[in-house]
Each structure stands twice: as structure tokens, then as C-alpha cells.
Amino acid sequence: MSELALTAAIRWGPAGSLLVTSLAIMGSPGPATVSLAAAGSAFGLRRSLGYLTGTIAGTITVLIAVAAGVTAALLALPTLRAIVTAVSAAYILWLAYHIANAPPLTAQTAARNAPSFAAGMLLGLANPKGWVAIAAVFASTRLADSVSTDIAARTAALSVMIILILTAWLVAGASLARLLRDPHRARIINTALAAAMVGATAFAVLR
């Protein structure tokens, strides 16, 4: 199908609804989004880019699994779902501890202290809210009559939204970095964001 034919086949009205829905559901506070804000505030924008890239890659992988119909089958297996949830919760607790105890930015010298690409990828893949939220948004509307065109259009649109939403949370957190030169203020903000991460994870797991 040519690019012109593909564009004509897409329902642009429902596309707007899909983007708004994704912003409301996928952009709300959750383990991945809050952890990015916390990483940005604790380690700064530049040092958190690897973590951002990994989280985006993991989340888009989940999106592709949703588009391929894999997610419904996985979530229907209680044991596998419990394993994914346990891995996600354990990692977020570990990350929350390190963010709460991160030194002020002026005292940070070791790049290894910042979350890595692999850590972001793990969280993107194991984020319980991400699986459920993406599945709900993906199923919320159709963008074309052709099944293949519809799936491709929704996957592309939501991939862009994932990149924009996660980047926005990191930038928002990094905007707090200038406040973290003072050790006392840094400890308060980092501890609050770490607690928010734990709370968002508990809400995602227990709801």
C-alpha cells in the first residue's frame, strides 16, 4: 500500500481520540513515569538518557506484544503475571532506595550510580501498569478498516506517544535538579519521589 493510500485509509477522527486517551491513561503517574521523574531529579537529564532510552524500548516492546496479541495470552496466565509483577516491584523498590539516598548532584561523580539502559528496559518490560494501560488504550478504537493498516497505525501512533510521555516525565524531573544542590533539600525531594514510586507501584499491583 502506498503512503498516500495508507494515509487515506486511516480514520483521523478516531486517531485524535486515541491520542487523548493514551495521554490520559499512559501519561498518568505509574512506576515507569514516576521513576523517570525521580531519576531526572536525582541524576540530571544527561545522565538519565540511557535509562529513558531503555524504558522507551521496553515499553514499545510491550506495545508490539499487545499489537501481536501476545499480551492477552500472557496476562491470562496467573503464574507468569505474578512473576512479572514481582520482578517489577522488586526492581522499583531497589531503584527507589538508591534514588532516596542519591547524593546532591554536585557530589555525584560516578556515572555507574545512574540507572542504565538495561535497567530502563527491564522496568519497561516488567511494568504491570504498562501492560494493562497499553492494552486498554490499544483496544479503545480502530483507525482503519483493514486489520493490518489499523494495527500498524495504532502501533505507530502509540509509539510516538510513549516517546513523548516518557521524555516529558524525565524533563519534568530534571527541572527539579537545580533545586538539588543543597543536600538537605536534595534528600527531601529524592525521598518524596522515591516514596511516590513505591506508592504508584503498589497502586498498579493491588488495583
Check your understanding: Which condition number does Leu49 fail, the rest of (1) more than 16 Å from Ala174 (Cβ to Cβ); (2) surrounded by fewer than 24 Cβ atoms within 10 Å (Cβ to Cβ) being met?
Key -> (1)
Check your understanding: If you take the residues in segment 168-190 that are buried (at least 18 other Cβ atoms within 10 Å of the Cβ) and not small (Gly, Ala, Ser), which one is modelled with the lowest pLDDT?
Key -> Leu180
Point to revise | Some residue of segment 55-65 being over 18 Å from Ala136 (Cα atoms), at pLDDT 85 or above and either not in a helix (DSSP H, G or I) or not hydroxyl-bearing (Ser, Thr, Tyr) (or both) | key: yes
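The values are calculated or read from the model by the stated rules, or taken from the named source; none is laboratory data. For clarity, every value in this text was computed on a predicted model and none was experimentally measured. Backbone-built Cβ (ideal geometry, glycine too); neighbour counts: all protein chains shown.
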